[in-house]
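Note sheet for the following structure.
The values are calculated or read from the model by the stated rules, or taken from the named source; none is laboratory data. Predicted, not measured: the structure shown is a model, and the values here were computed from it. Methodologically, a virtual Cβ is constructed for each residue, glycine included, from the backbone with ideal geometry; neighbour enumeration extends over all protein chains shown.
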Amino acid sequence: MAKSYDHLFKLLLIGDSGVGKTCLIVRFSEDSFNSTYISTIGIDFKIRTTEIQGKKIKLQVWDTAGQERFKTITTAYYRGAMGIILVYDITDERSFENIQNWMKSIKENAAVGVERMLLGNKCDIEVKRKVPKEQGEKLAKEHNIRFFETSAKSSQNVDEAFNTLASDILLKITKRSAPGAKEVDLKSSTKKNSNKCSVV
């Protein structure tokens, strides 16, 4: 039986408990939102096939538990991940501060050169914002990765974020497989993301 897709990309969402990783994945894969999700126990994943540059890309998006006690479970799932999305909650400063720990975890467990992206989630709750957008942009710039502010509730920038990451991975593997290809800095030629998140 013929494959119904051209590429399969494994994506991983990491970040503290309660930042909205599950809600983001469900919004992306099923276009729905439920505010009563309980904490993810261990690992779960969803699949969505999307078309990028004329190619059918099957995205296998893994949801990890953010609690420290599940760290031992999640480390095994870094293996094979082609893209990792670090998520923090813009209304929770601690979740933003902990991004540095998650960065360290990627360095220790993931493949070298894995595509990364930073998401500041819950930007629909502007009145409770604790982390300025500029701080997220600054951190992303320091690590030379893309940055989006998202809202799983309003769906703001959710598709854009996942599709951009998939597009970056596709570009990287296409360039890598091209004859005489050299590694290039994918971010240097891209425009800074200026999407604003509207208050819902």
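Data for the structure
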quantity: Output for the range 133-163, where each listed residue is closer than 16 Å to residue 9 by Cα and surrounded by 19 or more Cβ atoms within 10 Å (Cβ to Cβ); calculated: 161, 162
quantity: Residue 15 modelled with pLDDT of 90 or more and under 15 Å from residue 89 (Cβ atoms); calculated: yes
quantity: Among residues of the range 110-121, those that are closer than 22 Å to residue 176 by Cβ and either without any contact (Cβ under 8 Å) to a residue 12 or more places away in the chain or of a type outside the set (A, V, I, L, M) (or both), counted; calculated: 4
quantity: Among residues of the range 133-149, those that are part of a strand (DSSP E or B) and of a type outside the set (A, V, I, L, M, F, W, C), counted; calculated: 2
quantity: Tally of residues being under 22 Å from residue 140 (Cβ atoms), touching a Lys or Arg at 6+ places or on another chain (Cβ under 7 Å) and modelled with pLDDT under 85 across the range 160-186; calculated: 2
quantity: Residue among 174, 164 that is in a helix (DSSP H, G or I) and free of Cβ contacts under 8 Å to residues at least 24 places away in the same chain; calculated: 174
